Structure formats: C-alpha cells, structure tokens
Amino acid sequence: MDITNPANGEIINSLAQDTAESLAGKYNALVAAQKEWAVISLSERVETLRRFKGLLSIEIEGLAEILTTETGKPLQQARNEVNGAIKRITWLTDNAEEYLRDETMVVGATTAEQISYEPLGVIANISAWNYPYLVGVNVFVPALLAGNAVLYKPSEFATNTGLQIERLLKSAGVPDDVFKTAIGAGDVGKAVLALPLDGYFFTGSYQTGKYIYEQVAPKMVPCQLELGGKDPLYITEDLTDIKAVAEGTADGAFYNNGQSCCSVERIYVHERVYDDYLAAFVSQVKAWKLGDPKEEGVYFGALTRRAQVSLLEAQVADALDKGATLLTGGKAPEGKGNYFEPTVLVNVTHEMDVMRAESFGPIIGIMKVTGDDEAVKLMNDTEYGLTAGVYSQSKERAVKILKEVNAGSAYWNCCDRVSAALPWSGRQHSGIGATLSHQGLRAFTKPKGWHLMG
Ligand code: NAD
C-alpha cells in the first residue's frame, strides 16, 4: 500500500498490507494475550498508559512531522493534535480507577449486591484519518485500561501515524500481543469484520458505519459508531462583539481544513447582525494563509484525500446552480497537491448539498434567519446529530434552544470542541454509543451483577 503526501502527490513509503491469514494470526495472538493483560492490576495498566502519554510528549516534534507528511495538516495543528491526545489520556488515566473499580450497590445483614466491569475481550478499533491520535485515543486507551486487547486498523491515509502509535504503546510496556495493527484500506477493514471479535468500535463515515453495523449485528457483540455530521451554529442578535464571534466561529468551520467530525458545517445568523457577521467572517477567512503545511504560519494545508476536492467542487456547482452567491474561494488552486480555496457561500437554502451533505472541507454556507424558531427548525433539518451551537449573551436563551436540537453535544458560545470528561456521541446518522467520560470508559466493559448471600 502506497502512502502519499497530499501536499505534493509524492509517495512517502509503501507498506505490506494485511491478508485474511495474517489477520487470523494476529487475532489468535490477541486472544491469548488478552487473558494475561486482564488479570494484571488496573493501576499497572494505568501506569503503562501514562508512560505512553509521556512518550508522546517527548517525541511530539517527530510525530507531528509524520502526521503532517501523510495528512497535509499544518505542522502546528499536528502538534496541537498530539497535545490534545496527551490531555485526553490524562483524563482517562486519572479517572479509570474511579469508574472501572467494583461497585457495592446494596449492603444488608446477609446480602451484598455488587457490580464488576469485565473487559469485552479482543476489540476492533477501525479508525479515521482526520485526527488519528484523538479518535484513536478515544478507543484504544479506555479499551486497554479496561483490560481488552486491541486490533487497531488505522485509516489507509494515516497508517504511518498508526504505526508510531503501536511503537510507542509497546515502548510504554503494552505487551506485543495485546495491541496489533491491521494495515490496509477498506478491504482489510472488511476482513477485520469477518473475525469473531468481542466488540467493534468504528470512527468514520456514515456509509461505512452503516455497513459495519449491518455486518456486526448477527455477532451480537457491542458495536459503537462515531460518524459524520452537518453541525449547525446559530448566531443570535444580542451579541456585543460580533467581530470576535465571527472570527472564532470561522475557526470552528475551517480548522483542520474543515476536516473535523465536529467542524461547523452550516451557520444561521439573525438578520439584525447578519451583515456585520458576514463581513468579519469573510475578512478572517481571507486573512488565513493557504500553502505548504510544513511552512510555519500556514492555516490551510492540503486536504488529505484527493477525492474530497471533486466533492467540494460539486457542492459549489450545485449551490451556484440553485442560486447561491460565492463570497470567496470556490475552486482548487492551480498546481500540485490536494488544495482547495476556503469557500464561503451565502443565499443558500436547504435544497443545496452544501447545507445537507457532510462537506468535510474548507467550505461553509451561511444563511440569514428571522429568529429562534426558524433557527431551531433549520438546525434540526438534517439526518445527522453530532453537535450544535448557539452564540448569545443569554445562557437561558441558548439552553432553551439547544434543548430542542437533536444533537449529542450542545455548545453555548463555543464550537468544534471535545472534552474528555463529557460523552462524545452522535445521534441519527452521526452514530451510536459514546466514547470519553465515564460512559466511554465503561463502553469497553460488560457489567456483571453480583448477588452475594450468606
Ligand atoms: P471512512 O468511512 O472512509 O473510513 C474509516 C475507516 O473504515 C478506515 O480505516 C477505512 O479503511 C475503513 N473502511 C472503509 N471501508 C470499510 C469496510 N467496508 N469495512 C470495514 N472498514 C472499512 O471514513 P474516513 O474518510 O476515514 O473518515 C471521515 C469520516 O469520519 C467523516 O464522515 C467524519 O465526520 C467521520 N469522523 C467522525 C468522528 C466522530 O467522532 N464522530 C471523528 C472523526 C471522523
């Protein structure tokens, strides 16, 4: 499998892909090793994952360079990602013992009722490329903490990073056969589905997630899906610093080239502040530099996947065809690499793909609304349900609106944000189940209820 640099189209390296036979060998090794990993103390597993975190910190520059080379993410954003992963591991390791230890629920004279959290066994972590450290950590860290073995399939667009993760986990003390990497693209993912694993944890697109859910259903094992979104923002008229809000929300839409599951994908602005918001938003977008992701100061690097360029071109054409106005961008610049100019469209409607289908790129549709009722209606007019945000001076108003929006994460005066302490979960086509928080720690366990008499 060739790994290509999206910034210039050059092949970085080539890797041997896994086959059904090699995967079966890895699976057998994982099954045997998991039993030993599960019986060592939780505090020892916590210490091992803390050492992994320490190694990420020591090697951050080299890891960021590898990540940028294979994904096109600006170097500073690559460093930010590794730092974000370190922060998440800190929360997970600091809280594992609290949420994974046995719990006594009832104590009587001759009875005790307890819960223990047993590992699932060997789980699959089929992962995405857009934040390989962050979305990986959400799964393999709590899975390992809970005593599982992990068959980790990094995306074919972030495999070099996946191999670094494997190397550092092993340097930290995770036994060789407790964590194994499956190398390859969709076909290798399919071969992972054919194995009799004890749980499937997937991060990626709705289309692949739906396929995986269907394949895993007959196995009757846990299947969690963290999928795409079409995340809305509503900007109310009561804000005092509309320029700051416009700049902050532009970052929410365009950070990582818009390739975040929780990127802002559509914006509704109250008609009273619409013109001011738009002017500040476009001026911020134009101020950011597009270019070689290894050059310091670049905000827009290359898109990771070539195919996304055509998808974005098609969304722009569809919008313009149906009456939208292009304020900036709209095309791929001349030259090598998967670049796309940051694009702002207005006069958009929900008839247009740019307001309905996940864009996963540097493109945004901004729509004028008359008030809260219209905003809520439009925010809910989607098949997805990952995050939603409201900017307002009034917490009460924002909370009232957000209670009516069907999304797994609600943001007041913020966006494009994940916290390890809160459940990360999608609704509708954005997924099933939750990672992070105490729910995400327990997602990799099966509870056993103990009825103890005597
Ligand atoms: P993708 O669905 O194309 O691929 C994801 C993974 O699935 C890859 O490892 C791929 O090789 C594998 N795969 C592909 N076909 C498969 C098959 N038939 N069987 C088994 N495995 C298969 O997604 P992507 O392009 O890597 O990621 C982008 C998508 O991920 C976006 O939709 C984004 O919103 C979503 N995402 C969601 C979250 C979240 O937390 N909700 C986080 C990051 C990304």
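Things worth noting here:
- Antiparallel DSSP beta bridges within the chain, as percent of all bridges there, nearest 5: 40
- Cα centroid separation, the range 339-377 to the range 183-244 (Å): 22
- Estimated D of the chain in µm² per second, where Rh is the Kirkwood radius over Cα pairs and Stokes-Einstein applies at 37 °C, 0.692 mPa s: 143
- The overall shape of the range 1-102, judged from the alpha-carbon gyration tensor, is oblate: a/c is not under 1.5, and a/b is no greater than b/c.
- Counted by Cβ distance under 10 Å from residue 236, the other residues give a net charge of -1, where Lys and Arg count +1 and Asp and Glu count -1.
- Taking N as its residue count, the alpha carbon Rg of the range 281-375 over 2.2 N^0.38 Å: 1.14
- A simple packing score, the average count of other Cβ atoms within 10 Å per residue, orders the peptides 174-186, 22-34 as 174-186, 22-34, with the highest score first.
- Ratio of Rg to Rh for the range 231-412: 0.95 [Cα atoms; Kirkwood radius as inverse mean 1/r over pairs].
- C-alpha long axis of helix 42-58 to longest principal axis of the chain, angle in °: 40
- Surface per residue (accessible, 1.4 Å probe) for the range 65-161, Å²: 29
- Violating pairs (Cα-Cα greater than 19 angstrom) within the set 210/403; 26/190; 243/322; 87/395: 210/403; 243/322; 87/395
- Rounded to the nearest Hz, the phi-derived 3J(HN,Hα) couplings of the range 150-159 under the Karplus curve 6.51 cos²θ - 1.76 cosθ + 1.60 (θ = phi - 60°) are 10, 9, 9, 10, x, 5, 4, 9, 8, 6, where x marks glycine and proline.
- Rounded if a/c under 1.5, otherwise prolate or oblate - the range 188-228, Cα gyration tensor axes: prolate
- Carbon/sulfur fraction of accessible area - the chain, other protein chains in place, 1.4 Å, %: 52
- Dimensions of the range 44-201 based on its C-alpha atoms, expressed as ranges along the principal axes with the largest first, amount to 64, 36, 24 Å.
- Highest-first packing order for the peptide set 261-272, 37-48 is 261-272, 37-48, based on the mean count of other beta carbon atoms within 10 Å.
- Burial order of peptide ranges 303-309, 394-400 (average beta-carbon count within 10 Å, highest first): 303-309, 394-400
- Cα centroid of the range 28-66 to Cα centroid of the range 380-454, whole Å: 27
- Our helix-only sum for the chain, with -39,500 (n - 2.57) per DSSP H run of n ≥ 4 divided by its residues, gives a mean residue ellipticity at 222 nm of -13000 deg cm²/dmol.
- Probe 1.4 Å, accessible area per residue of the range 231-412, Å²: 40
- If you take all other residues with their beta carbon under 14 Å from the beta carbon of residue 275, and give Lys and Arg +1 and Asp and Glu -1, the sum is 0.
- Neighbourhood net charge (13 Å Cβ-Cβ; Lys/Arg +1, Asp/Glu -1) for residue 390: -2
- Tensor-based shape of the range 1-61 (alpha-carbon gyration tensor, a/c under 1.5 rounded, otherwise prolate or oblate): oblate
The values are calculated or read from the model by the stated rules, or taken from the named source; none is laboratory data. This one's a predicted model, so the numbers in the text were calculated from it and none came from an experiment. So basically every Cβ, Gly included, is an ideal-geometry build from the backbone, and we count neighbours across all protein chains shown. Areas reflect the complete protein model, heavy atoms only, side chains present, ligands, DNA and RNA absent. Shrake-Rupley method; radii C 1.70, N 1.55, O 1.52, S 1.80 Å.
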